Amino acid sequence: MRIERAVLREIPLTPTEPFQSSAGTVTHRRVLLLTLEGEGLEGWSECVALGAPTYSYETTDTAWHILTEMILPRTVGLDVTEPQAVLRAARDVRGHPMAKAAVEMAAWDLAAKAKGVALAVMLGGTRSVVPVGVSVGMGSTPEELGDAIAGYLDDGYARVKVKIGPGRDVVVLAALRERFPELALWADANCAYSLTDAPRLKELDALGLEMIEEPLAAGAFLSYARLQEQIETPICLDESIVTESDAALAVQLGSCRIVNLKAGRVGGLAAGRRLHDLLTEASVPVWCGGMLESGVGRAHNLALASLPGFDLPGDISASRRYWERDVVTPEFEVVSEEMAVPTGPGIGVAVDVERIVALTVRSAAFG
Ligand code: OSB
Ligand code: MG
């Protein structure tokens, strides 16, 4: 298929509440939405970069720059048989996986729509529903946090991930464990510790966490292996895993026992699928992470999470957990610890184009 036109738009969305982690607080989301057009169809994607370089070096503005100056001008006119081939337009761009992923993921939606099949099916997904959890930010007292978690359990989430960091770890988690003895509890530190904190992190072993996510610096594979030797709690890597060689190194060194996969972080859906294959082959469980996406990004996450290896619940929560109103219909919902994978062509949800156009603060069109 020939890509005839590309449109990149930025819309501001305000989360229902600020989302605080060790890496920073998100109070407003600057969402980049991309459409690729061909054969009279539109493929949609969302670039997951945050407004500030707190999670990775990419930001809304760097992605805008790389997409509008380099990738999108060269995407228009490309003839692609496989969606991932659209990355030919980014061949000489080093890094910037989130910008690259945006164009690749829109190409997947377009290709799936052209075939008339669900994106999840085209990717090789085998699940009609996926297990889902919720990621809860910091910023409240331990008691308020417990109340929020009780509410999420009522909403039907399969597990709860809480953000932790130095000064907000053992005491808070111990209180949660006391209040919720059976809770499937995960913790995400977003790189806030160093190897010298190993004794502190070892104290978490008594609390029965299913994993601790990214406690050390991104890419500190040797330190991760040293830490995993000293603690029982399985380490899950997020920020550290960008390329296949990162994953191979982590497996080889024993740097983690679980991996959080995000298509945006690793450069697209085909890359996410390759990492899924590599890690499941190495008996490392994977699950699908999130980046506080709108419904467009969430639909893509569900497609990735429908692959057979994604047994652990993802950070794929209901639309209303993030937004007063989503930009897709129907909105995403959680029922009995699961979310349904859309079955319609492509991402399988209707994008509210009129509202998106009304919200757009800048746009760039090519072709
Ligand atoms: O570390 O997994 C993370 C949100 C933004 C950036 C990084 C992370 C997160 C989350 C929330 O934990 C995931 C979600 O619900 O979208
Ligand atoms: Mg994380």
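The values are calculated or read from the model by the stated rules, or taken from the named source; none is laboratory data. Remember, it's a predicted structure, so these values are computed and weren't measured experimentally. Ideal geometry is used to build each Cβ from the backbone, glycine not excepted, and the neighbour counts take in all protein chains shown.
Considering the range 10-28 alone, what residues qualify as being over 17 Å from Ala101 (Cβ atoms) and assigned to a strand (DSSP E or B)?
Our first condition is that a residue be over 17 Å from Ala101 (Cβ atoms); within the range 10-28, this holds for 11-28.
Within the range 10-28, Ile11, Pro12, Leu13, Phe19, Gln20, Ser21, Gly24, Thr25, Val26 meet the criteria.
Can you pull out every residue in the range 199-219 that is away from ligand 1 (no atom under 16 Å from the Cβ) and closer than 14 Å to Cys256 by Cβ?
From the range 199-219, those away from ligand 1 (no atom under 16 Å from the Cβ) are 199-208; that's our starting set.
Passing the criteria: only Leu201.
Residue pairs, Cβ under 7 Å, 6 or more apart or interchain, first in the range 274-300 and in contact (Cβ under 8 Å) with a residue 60 or more places away in the chain and within 15 Å of ligand 2 (Cβ to nearest atom), second in a loop (DSSP other than H, G, I, E, B) and not acidic (Asp, Glu). List them.
Every condition considered, the pairs that remain are Cys288/Phe310; Cys288/Ile316; Gly290/Ile316; Met291/Val48; Met291/Lys262; Leu292/Pro15; Glu293/Val48.
Within the range 203-211, can one find any residue that is closer than 26 Å to Glu46 by Cα and free of Cβ contacts under 8 Å to residues at least 60 places away in the same chain?
No: zero hits.
Filter the range 1-38 down to residues that are in contact with a strand residue (DSSP E or B) (Cβ under 7 Å, 6 or more places away or on another chain) and more than 16 Å from ligand 2 (Cβ to nearest atom), then give me how many there are.
26
Pull up the range 63-84, narrow it to residues that are in contact with an Asp or Glu (Cβ under 9 Å, 6 or more places away or on another chain) and at negative phi, then point me to the one that is surrounded by the fewest Cβ atoms within 10 Å (Cβ to Cβ).
Applying the filter and picking the extreme gives Met70.
What is the number of the single condition among (1) within 16 Å of ligand 1 (Cβ to nearest atom); (2) over 27 Å from Gly51 (Cβ atoms) that Ala305 does not meet?
Failing condition for Ala305: (2).
Name the residue that is farthest from ligand 1 (Cβ to nearest atom), counting only residues in the range 222-241 that are part of a loop (DSSP other than H, G, I, E, B) and either surrounded by fewer than 19 Cβ atoms within 10 Å (Cβ to Cβ) or over 15 Å from the mean Cα position of the chain (by Cα) (or both).
That would be Glu232.
Within the range 61-91, restricting attention to residues that are without any contact (Cβ under 8 Å) to a residue 12 or more places away in the chain and of a type in the set (Asp, Glu), which residue is farthest from Ala364 (Cα to Cα)?
Residue satisfying both the conditions and the ranking: Asp61.
Of all helices (runs of 4 or more DSSP H) completely enclosed by the range 103-202, which ones contain at least 2 residues that are of a type outside the set (Gly, Ala, Ser) and at pLDDT below 95?
Numbers: elements: 119-123, 142-155, 170-179, 198-202.
In the range 103-202, the matching helices (runs of 4 or more DSSP H) lie at 142-155.
Which of the residues belonging to the range 251-269 are within 15 Å of ligand 2 (Cβ to nearest atom) and either of a type in the set (Phe, Trp, Tyr) or not in a loop (DSSP other than H, G, I, E, B) (or both)?
Ile258, Val259, Asn260, Leu261, Ala263, Gly264, Arg265, Val266
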